[in-house]
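So the structure is just underneath, and the comments pick up after that.
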Amino acid sequence: MRTMTDIAALNIGMEKPMSLLSAIADDIACVRARDPAARGRLEILLTYPGVHAIICHRIANRLWRAGLRFPARFLSWFGRFLTNVDIHPGATIGRRFFIDHGAGVVIGETAEVGDDVTLYHGVTLGGVSWSAGKRHPTLQSGVLVGAGAKILGPITVGAGCRIGANSVVIEDVPPGMTVVGIPGRIVQPAGERRRRDGRIDLEHHLMPDPVGEAIATLLDRIDFLEVRQAHLARKLAAFETPSTTPPDEETPP
């Protein structure tokens, strides 16, 4: 018989729970695969605020699930004070979680995060309701969320999605899609852009610009219509021009 933790893990694509030390070791190890600036485990452990934040959360989450709510909240507050990353101790976070440039990240109580997820600074996994129950988003495995993005409400972002920087996502996103804009719009399947070597795609400058493309299309259409209007105006002017031939002079009586 599956426990509630196992069911939650299956729902968001997480692997089965592991020991606290193993989870923290995985969190440290994944940094080198996703951050070209990372050089060694000791440096990562001592100098990466995103790693400090997830270590505090791993411990606080176990206290929370054990019913020790005040110690959990206090440790969560201390982690926020230390790292400027606010993760509620009730949030569910999978393996190999990485917050790059950890600062300004907020993760709500009922948020669920799968395995191999990467967040950049300023990301919010927030709620849009005062009602009790599920009110924060679910990020399935392999999701990448760009700097400053806001994912709001009890929505699901499918496995392997990319959320562009400063996007605001308020609706479910199917797996493998790229989302940009305010509100977030699906612009391109990940299979057309994602690297195939197993590493995270850091080429944020290649993010499509649907608004810019739409404006460019409108400008092209306006140019075409202006040329056509000028052509029609010339034809109409030629049709309406009176004859320049002088009328026959009247014969005097």
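The values are calculated or read from the model by the stated rules, or taken from the named source; none is laboratory data. Keep in mind that this is a model prediction, so the values were computed, not measured. Neighbour counts run over all protein chains shown; Cβ positions are idealised from the backbone, glycine included. Areas reflect the complete protein model, heavy atoms only, side chains present, ligands, DNA and RNA absent. Shrake-Rupley method; radii C 1.70, N 1.55, O 1.52, S 1.80 Å.
Calculated FRET efficiency, I186 to E109, Cβ-Cβ distance, R0 = 25 Å: about 0.35 to the nearest 0.05. With q set to 0.11, 0.14, 0.19, 0.21 Å⁻¹, the log10 of I(q)/I(0) for region 85-192, from the Debye formula over equal scatterers at the Cα positions, is -0.27, -0.45, -0.86, -1.06. Overall shape of region 74-137 was characterised from the C-alpha gyration tensor. The equivalent ellipsoid obtained from it has semi-axes of 18, 15, 11 Å, in decreasing order.
Roughly speaking, what is the stretch gain from D223 to I170, that is 0.36 nm per residue apart minus the C-alpha to C-alpha distance, in nm to one decimal?
Values: separation 53, 0.36 × 53 = 19.08 nm, distance 3.59 nm.
15.5 nm is the gain from fully extending D223 to I170.
Judged by the mean number of other Cβ atoms found within 10 Å, the most tightly packed of the peptides 76-86, 224-234, 37-47 leads the ranking 76-86, 37-47, 224-234.
Using a 1.4 angstrom probe on heavy atoms only, work out the carbon and sulfur share of the accessible area of region 15-87 in %. Its accessible area is 64 percent carbon and sulfur atoms.
Pairs of alpha carbons in region 12-117 separated by more than 24 Å make up 16% of all such pairs.
Computed packing ranks the peptides 139-147, 20-28 as 139-147, 20-28, most packed first, by mean other Cβ atoms within 10 Å.
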